[in-house]
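Laboratory data are not the source of any read-out in this text; all were calculated from the coordinates shown. Since we're looking at a predicted model, the values are computed, not measured. Positions of Cβ are generated from backbone atoms using ideal geometry, with glycine treated the same way; all protein chains shown enter the neighbour counts.
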Amino acid sequence: MKKKISPKEFYESIYRELDSVTPLKVDCGKLCDNACCVVTDEITGMYLFPFEETMYSPIPEWGKIYDTDFVCKSGREINLFTCQGTCDREKRPLSCRIFPLIPRVEKDGSFTLVMDPRGREMCPLCKVMRVDELDADFVKTVEKVMKKCMLVKECRDFLCSLSEEIFF
Ligand code: SF4
Ligand code: SF4
C-alpha cells in the first residue's frame, strides 16, 4: 500500500523540484528590478495553495498571511501570503515559484500552462514573451508539479476555481 504523505511532505517535495529552475537562464529580476517582489501600499501577495500554510508555521518574520475573499467552488477559503520584498528563497511560496506561468484549467480538467495574465502590468516576461520562449527546464518542471497538484482534490479545486476567476 502506498504511504500517504502529509501536506508538509508534499510541499517540501515540490518546493525541492522547483528550487533549481527559473523562468530564464539569466536572472530576469535584473530586467525589471524584481517587480514581482516589490511591496506597494496595497496588500498584495501570492495565493497559498490549499494546506500550504503548513509550510509557514511558525510564520517567518519576513512573511504574513491574510484572509482573502477568494473562495473556491468547494467553499474553501484561500489565504494570501505577503512579504516585505525579500524572503528566504528556499521557503518562498509555490505561487512565487511558478510565476510567470499559471495553469489554465479547462472544464474537462485538462490544463495548459500560459503566461499569467495578472502579471501583464508589471512583468516584462508576461508582456512580451511566450511560454515556449521561457527556459524549457522551468516550463517542464512547472508542468510536472502542476500535474501533481491536479491529483490532489483540494489543489485541483483551487486551480479550477482560480482559472474560472482569471480566464472565464
Ligand atoms: S516580474 Fe517577471 S521578469 Fe521581473 S523578476 Fe518577476 S518573473 Fe522575472
Ligand atoms: S516571497 Fe520572495 S519570491 Fe515571493 S514575492 Fe516575496 S520576495 Fe518575491
For a label point 7 Å along the Cα-to-beta-carbon line of Asp19, residues of the range 84-110 with backbone N under 13 Å: 89-92
Sparse-neighbour loop sites [GluC sites (Glu not before Pro); the range 1-99; at most 12 other C-beta within 10 Å; DSSP]: Glu42, Glu61
Obtain the nm distance between the two label points defined at Ala35 and Arg76 by a simple spin-label model: each point lies 7 Å from its Cα along the Cα-to-C-beta direction. 3.1 nm
Ignoring everything except DSSP H segments at least 4 long, calculate the 222 nm mean residue ellipticity for the chain; use -39,500 (n - 2.57) per segment, divide by total residues, nearest 500. -10000 deg cm²/dmol
Mind listing the Cα extents of the chain along all three principal axes, in Å, largest one first? 47, 37, 31
Burial ranking of peptide ranges 98-107, 116-125 (average Cβ count within 10 Å, highest at the top): 98-107, 116-125
Where the only charges are on Cβ atoms (+1 Lys, Arg; -1 Asp, Glu), what is the dipole of the range 7-167 about its Cα centre, to the nearest 20 debye? 400 debye
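Pairs to check: Lys8/Lys148; Lys25/Lys140; Lys25/Lys91; Lys30/Lys127; Lys8/Lys153; Lys73/Lys107. Give those whose C-alpha atoms are more than 18 Å from each other in this structure.
Cα-Cα > 18 Å for Lys25/Lys91; rest within.
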Go ahead and run the numbers for FRET between Lys8 and Val128, Cβ-Cβ distance against an R0 of 30 Å, rounding to 0.05. 0.20
Pick out, in residue order, every one of the chymotrypsin sites (Phe, Trp or Tyr not before Pro) in the range 1-83 that is DSSP loop and has at most 10 other C-beta atoms within 10 Å; say none if there are none. none
